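Beneath this line is the structure, given in structure tokens, with notes to follow.
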Amino acid sequence: MEHSEIINPSGLSALALAYIGDAVYEIYVRTRIITENPNLPAHKLHLQAVKYVKAHAQSNSIHKIADMLCEEERAVYKRGRNAKSQTVPKNADLTEYRHATGFEALIGWLYLMQKRERLDEIMKSAYDNALDI
């Protein structure tokens, strides 16, 4: 069953969008890392992935790609950023965590809306801009 048959992205909470967006971005990051480093042991692949999926990196990403978002995408991001989560970040400050949640909500929304080309464009740019230089 296609996910579009059972899920209306507009009817989901921002945190539900972030939940699916986290998984989608994690798969993208892992795929990029293993493609770029096919001979790394699994533990080192994991350590590389963590650099990209932690809140600090996702906060960097959304700030650097903000100008490429359309109004609708920006609204989804803000909805995620402003959502009140029951969890407290372990390894990030609250501001970075909220920006990361907004980023993940955007990824989840694009995925569920089946905007694959735009999703790929956003994730590629986010990945390329995630790490501090």
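The values are calculated or read from the model by the stated rules, or taken from the named source; none is laboratory data. Everything numeric here is computed off the predicted structure, so don't read it as measured data. Positions of Cβ are generated from backbone atoms using ideal geometry, with glycine treated the same way; all protein chains shown enter the neighbour counts. Surface areas here come from the heavy atoms of the whole protein model, side chains and all, with no ligands, DNA or RNA. Shrake-Rupley method; radii C 1.70, N 1.55, O 1.52, S 1.80 Å.
For the chain, the membrane-span-like helix rule (DSSP H, alpha carbon extent of at least 20 Å along the helix axis, mean Kyte-Doolittle at least 0.0) picks out 14-36, 94-112; this says nothing about an actual membrane. Exceedance of the 27 Å cut-off in Cα-Cα distance is limited, within the set K44/K115; K54/K124; K64/K90; K78/K124, to K44/K115. For the chain, with all protein chains in place and a probe radius of 1.4 Å, 54% of the accessible heavy-atom surface sits on carbon or sulfur. Between T35 and R116, residue separation times 0.36 nm minus the direct Cα-Cα distance comes to 27.2 nm. Placing +1 on each Lys and Arg Cβ and -1 on each Asp and Glu Cβ, with no other charges, gives region 38-133 a dipole about its Cα centre of roughly 320 debye.
On a per residue basis, the chain carries 60 Å² of accessible surface, using protein heavy atoms and a 1.4 Å probe. Note: relative contact order over the chain, using C-alpha pairs below 8 Å and six or more positions apart, is 41 percent.
Take the Cα of K90, step 7 Å toward its Cβ, do the same at D128, and the gap between the two points is 3.3 nm.
When Rg and the Kirkwood radius Rh are both evaluated on Cα atoms of the chain, their ratio Rg/Rh stands at 0.96.
Each label point was placed 7 Å from the Cα along the Cα-to-Cβ direction; for I7 and A66 their separation is 2.7 nm.
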